[in-house]
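Down below is the structure, laid out as structure tokens.
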Amino acid sequence: MENNLFLSYSSQTDISHRKKFGQFFTPLVIAKFMARWLLANKHQNFLDPAFGLGIFVEQLEGFKDFKSLMAYEVDNHIYSFAKAHFSADYISLKNSDYLQDWGLGEIDAVICNPPYMKFQNFTEKDEILANIQKNLGIKVSGYTNTASAFLLKSVSELKEGGRLAYIMPFEFMNAGYGEAVKDYLLRSGEIEAFIQVDCEKEAFSEVVTSVGIILFHKKKNPNKDISFFAVKSLDELGHFEKIIPIRTVSRKLIQARDKWAKYFSKEEINLKFEHLVPLKSYGNFSRGIATGANSYFSFSESKVRQNNMPKSSLVPCITKSNQIKGAIFDQSDLNKLISLDSEIYLVNLESNSSSDDIKRYIAQGEKDGIHLRYLTKMRSPWYKLEKRKPSGLLFGVFSRNGYKVIRNTTEAVCLTCYHGFNLKADYSKYLDLLFFYLLSDAGNKIMQINMRKYGDGLDKFEPNDLNDSLVPSPEWFSSVDKIDIKAELEIIKGTGKISFSLNQIFEDLLK
Ligand SMILES: C[S@@+](CC[C@H](N)C(=O)[O-])C[C@H]1O[C@@H](n2cnc3c(N)ncnc32)[C@H](O)[C@@H]1O
């Protein structure tokens, strides 16, 4: 916000007037951060339900995707300041009560610092609550505050896929009235982040209650787990992607009726070390095949036909991370990729180098300078492939919010997008059990102890971090009730998760 506008407004306005309307202004860094998050999704048409002196539109303006802003401001006094300052035709600023204006239609993105006031003293309280009930189909308590009412209404107005960034007092997380708010958020989409602003005094010097930011994404079938962050200085918002959440709580386990404020403090993970051994006692992860020229060595069915490659030269191979969608990769998934003409083969030129077609392809590679690449020029012959056996357990090298582990039941090898597990001889019966453990909540918690970067925005996992991480010992596996492997695999195929009862069994590894 232009400092001048704020200065002239505050010099002409009594603090009691500002308090009456909940006029606490957003610091620039926070406004910038919220606008940036919304704009990352290329939204065009925005809503600011509590305009004040317009800090948000100032952050949105100038971005090429931003097209328009609809805004509300109930206070005539501040409205007249704002109106004189913001006259652009892409801003439609209404001098009216946001909570009383229903039927806005579907909004792309909402950005808001709502007024915080207790509802008890509101004359229009009953009407507002009745309208929320009518329009959202939920009953909210009279103890709800204006900020929560704003939030609920805005969530309901978002279109499918729309985003919302809200500054909120986090009081609703533990308060009784908050259950309806949490329930509505959970049902309406994905909470990308709750960010507690620990430097409240720096951020909101005039505010008494604990304040934070909600980043929310409207979605029909929400499934993302919920991350709780805390920032100690506003500068941290400038590189938020690198900030590790204090906790990420499983969406399946989080309940609206629970008090959520506890998730802002670190959970102590106490392990039963007597049941745990390093993963390397079962085998080890190693990186996938590095070709030095993936597009040259990778083949789809149509590329095979075009180049007349002999079948004997083709090795099924996962060439890209997104070729695997589920937690289990089986022959039908592989066949599907083949029929979709995905690049799902690697060509072994060396073992077929007497074929004329292969000779031609090698010559083509040399014409294109493939043999001069960093890795190929160190090999002899330059098209020699690294040797890898198909691995039954794959681990995604890059991942957001946790890790990606896959049970591969095919003969496909993989490129460097996955690390593959090489099981020691005689340990094959543990492969599925280790896979189940890695999918369990306890496994997720225990694994993060060894993986330094776990929880960062985009994680990169190194084979050695994985090999040193702790997994249940063979003795522990034989001490628990027999696990129905076939049934669990079926559940995972359908849901991506292990059964609730097996998940509970792994909890035994934690104190
Ligand atoms: C917390 S301030 C935020 C102002 C500005 N968006 C910012 O972030 O700096 C909330 C603003 O909402 C206005 N307001 C309060 N109740 C409102 C209502 N029912 N409808 C629309 N605006 C309201 C207040 O006058 C105040 O300007």
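Quick notes on this one:
- Residue pairs, from the table LYS220/LYS404; LYS182/LYS511; LYS262/LYS320, whose Cα atoms sit over 32 Å apart: LYS262/LYS320
- Rough spin-label spacing in nm, given labels placed 7 Å along Cα→Cβ, for ASP89 and ASP330: 6.1 nm
- If you take the alpha carbon atoms of the chain and fit the smallest convex hull around them, that volume is 186 Å³ per residue.
- Gain on full stretching of the segment that runs from GLU274 to ILE138 - 0.36 nm per residue minus C-alpha separation: 44.1 nm
- DSSP bridge orientation in region 276-509 - percent antiparallel, rounded to nearest 5: 80 percent
- Sequence-separation-based contact order of the chain, relative, with Cα cut under 8 Å and 6+ spacing, percent: 12 percent
- Ranked list, fewest to most other Cβ atoms within 10 Å of each Cβ, for LYS232, LYS404: LYS232, LYS404
- Within region 309-348, backbone nitrogen closer than 19 Å to the virtual label 7 Å beyond the Cα of ARG360 toward Cβ: 309-314, 347-348
- Computing FRET efficiency as 1/(1 + (r/R0)^6) for SER11 and LYS224, where r is the C-beta to C-beta distance and R0 is 41 Å, gives about 0.35.
- Beta bridges per DSSP with both ends in the chain, % antiparallel, nearest 5: 65 percent
- Within the chain, helix-based [θ] at 222 nm, where runs of 4 or more DSSP H residues each add -39,500 (n - 2.57), nearest 500: -9000 deg cm²/dmol
- Among 237-243, 174-180, 109-115, 25-31, the order from most to least packed when residues are scored by Cβ within 10 Å on average: 109-115, 25-31, 174-180, 237-243
- Prolate/oblate/rounded label for region 1-139 (Cα gyration tensor, a/c 1.5): oblate
- Maximal additional length on extending the LYS118-LYS493 stretch stands at 130.2 nm, based on 0.36 nm per residue less the C-alpha distance.
- DSSP bridge analysis restricted to region 69-195 gives an antiparallel fraction near 10%, rounded to the nearest 5.
- A simple packing score, the average count of other Cβ atoms within 10 Å per residue, orders the peptides 188-195, 290-297 as 188-195, 290-297, with the highest score first.
- Loop-located chymotrypsin sites (Phe, Trp or Tyr not before Pro) across region 313-378 with a Cβ neighbour count of 12 or fewer within 10 Å are TYR374, with loop assigned by DSSP.
- Ranking of HIS17, HIS419 by count of other Cβ atoms within 10 Å, fewest first: HIS17, HIS419
We did not get these values from a lab; they are worked out from the coordinates using the rules stated. These figures come from a predicted structure and were not determined experimentally. Counting neighbours? That spans all protein chains shown, and the Cβs are built from the backbone with ideal geometry, glycine included.
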